[in-house]
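The values are calculated or read from the model by the stated rules, or taken from the named source; none is laboratory data. What you see is a predicted model; the values in this text were computed from it and never measured. Methodologically, a virtual Cβ is constructed for each residue, glycine included, from the backbone with ideal geometry; neighbour enumeration extends over all protein chains shown. Ligands, DNA and RNA are excluded from the accessible area calculation, which covers all protein heavy atoms including side chains. Shrake-Rupley method; radii C 1.70, N 1.55, O 1.52, S 1.80 Å.
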Amino acid sequence: MNTNKTKIVLKKLSEYNTIWHEETKLVFKSQKERIVIGRFVNNELLKLNNESLDFCNSWKFKYDESCVEENDEEENEEEEEEEEEEQQEENEEEENEEEEQGNYQEENDQDKKEQKDLLEKILEKVEGKILKEMIEEVKNVEEVKNVEEVKNVEEVKKVEEVKKVEEVKKVEEVKKVEEVKKVEEVSDENVEEYFIKYNQHISSLTNNLNKDFCKIVTDLKFENKKLNKELCEKTVNINELQEKYDNMVQKFTLMKSLFN
């Protein structure tokens, strides 16, 4: 039962001048002392039993332990019967264990004898195997020695071959170094020639540029003089025209005044 969300409602029980929880029928001691003392069933106040205690725990009500029903005699009788049965079972188990122990000792004696016989046979076989293994190890050592001697001879041959190969490599490296030196000498000569040609080309370019620049400057000067001359001529013409215009204006004003 989920009591966390449901609201606890306590009502007045007029028969006993106290309060009770109608849903579970639990009766409290008084309005102030809210301790459960029994259940109100069929207009009777009954003592608390196992069901009542379950309700108290689920609704988290405190209860008076002195109001709980007493079932001590029945429980004691049941406990005594259980103890007697347990004792009988223990006695039977002890008797069975004693019988099993007697049989076990006899079996152990036989097993020990069989184990000794097996150990002796195993030791004989092991000693024989050890002797065979010792002989085989001696043979293997001799074979290993022979193989090592052969390997030493082969290693000496390999070392000599390696030395020859290294000598050949050294000779080839010396030749390559000499060829590289020759190439470097030739390359130095080519660099000098290229440098000389480069300088010549630059000098020719600078000369051509100077010539072109001088020509452009002279042309610009000539054009400037020409333009200045034309400008002077045009300014003179403009001044003459301005004088003529001024004279015409004066005449026009005089004529106008005479007509008026």
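Only one of (1) surrounded by 10 or more Cβ atoms within 10 Å (Cβ to Cβ); (2) modelled with pLDDT under 90 is not met by F259, so which one is it? That leaves (1) as the condition not met. Taken together, K139, K125, K132, K151 contain a single residue that is modelled with pLDDT of 75 or more, assigned to a helix (DSSP H, G or I) and open to solvent by 100 Å² or more (accessible area, probe 1.4 Å), which is K125.
Selection over region 208-252 of residues that are at pLDDT 90 or above and hydroxyl-bearing (S, T, Y) gives a count of 2.
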